[in-house]
């Protein structure tokens with residue numbers, strides 16, 4: 001399938017041109033990042049008729065107002081509260097008119113023709129299911145864009161009380177690092193949820209985003225559900241800029257506990273037994289105050305050395321752990 005290079009004027013005539021691709025963006029308190037993402041979409045020549053649907057989860061930083069004022073062509077949904085990443089994406093999919101859905105993080109930039117290139121690959125390879133592009137950071141460095149499926153052992157390596165033993169080091173590196181090669185096209189287990197592209201009918205058949213997840217683990221789940229029907233494919237020739245973890249660090253008190261809870265949901269759904277999950281929860285709970293104290297000490301040392309940026313990251317990690325212990329520990333154990 002080959003597509004026109006002409007810029008499709010969907011922004012000026014949305015009723016006249018039916019979109020082929022619906023770009024679905026969930027947003028919460030990331031006004032500047034969202035603005036940059038939308039500019040990249042509309043000012044670049046994407047080479048295919050597309051629409052953008054933004055679901056704002058009750059932002060208090062003026063993000064929804066910015067979209068309404070500066071991007072009237074965007075279909076905007078305003079939630080009164082933060083309903084979570086999965087629910088917001090499902091709301092966007094409900095409004096989508098395109099045959100293809102592109103779920104996109106708000107902390108991304110989309111180069112010209114990226115949508116056309118993803119669509120071309122999908123159309124030329126109907127055997128493929130969900131497609132993921134190469135993710136590059138704002139510094140130009142490759143980011144991990146796909147992974148193997150995690151095991152409980154891989155996550156246990158992150159528990160400081162066990163890390164020193166080295167028992168789960170290989171499982172962790174197989175999950176996080178060893179499986180990623182940036183160049184080429186290949187089938188993979190899990191695509192990063194920052195940017196995934198698939199047919200709408202396949203998305204519906206796979207059960208959509210599981211709204212049990214609020215933030216964290218939902219891309220593992222969707223990859224698993226889609227992968228049972230068709231292969232997941234990483235396409236390294238198509239690139240998206242992703243300012244990874246900027247949004248989650250800005251909202252660490254929300255992100256950190258929900259990531260921990262999301263992993264529990266994922267493992268339970270994959271059939272991990274109650275006994276093993278109970279042990280995992282106990283170790284994470286005991287480890288959290290130790291890790292929080294260590295991060296505070298690390299922040300102080302880095303600040304004294306003049307490394308203020310890294311000191312701020314350490315402090316944010318400590319804040320996330322503290323919020324997890326004080327506000328979300330019960331929800332973690334109930335998951």
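Overview of results
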| read-out | value |
| --- | --- |
| Failed item, numbered, when residue 163 is tested on (1) outside the structural domain of residue 57 (by TED's automatic domain parsing); (2) out of contact with any helix residue (DSSP H, G or I) (no Cβ under 7 Å at 6 or more places or on another chain); (3) loosely packed, with under 15 Cβ neighbours inside 10 Å | (3) |
| Test: residue in the stretch 47-56 that is out of contact with any strand residue (DSSP E or B) (no Cβ under 9 Å at 6 or more places or on another chain), touching a residue at least 40 places away in the same chain (Cβ under 8 Å), surrounded by 20 or more Cβ atoms within 10 Å (Cβ to Cβ) and over 17 Å from residue 200 (Cβ atoms) | yes |
| Qualifying residue in the stretch 174-182 (condition: in contact with a strand residue (DSSP E or B) (Cβ under 6 Å, 6 or more places away or on another chain), without any contact (Cβ under 8 Å) to a residue 60 or more places away in the chain and closer than 22 Å to residue 111 by Cα) | yes |
| Filter result for residue 84 (at positive phi and modelled with pLDDT under 95) | yes |
| Test set (1) within 21 Å of residue 106 (Cβ to Cβ); (2) modelled with pLDDT of 95 or more; (3) buried (at least 20 other Cβ atoms within 10 Å of the Cβ) - residue 235 fails condition number | (1) |
| Qualifying residue in the stretch 65-74 (condition: touching a strand residue (DSSP E or B) at 6+ places or on another chain (Cβ under 7 Å), closer than 30 Å to residue 261 by Cβ and not in a loop (DSSP other than H, G, I, E, B)) | yes |
| Any hit, the stretch 268-291, residues being under 24 Å from residue 187 (Cβ atoms) and either surrounded by 14 or more Cβ atoms within 10 Å (Cβ to Cβ) or touching a helix residue (DSSP H, G or I) at 6+ places or on another chain (Cβ under 8 Å) (or both) | yes |
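The values are calculated or read from the model by the stated rules, or taken from the named source; none is laboratory data. Please read these numbers as outputs of a predicted model, since none were measured by experiment. Note: ideal-geometry Cβ built from the backbone for every residue, glycine included; neighbour counts use all protein chains shown.
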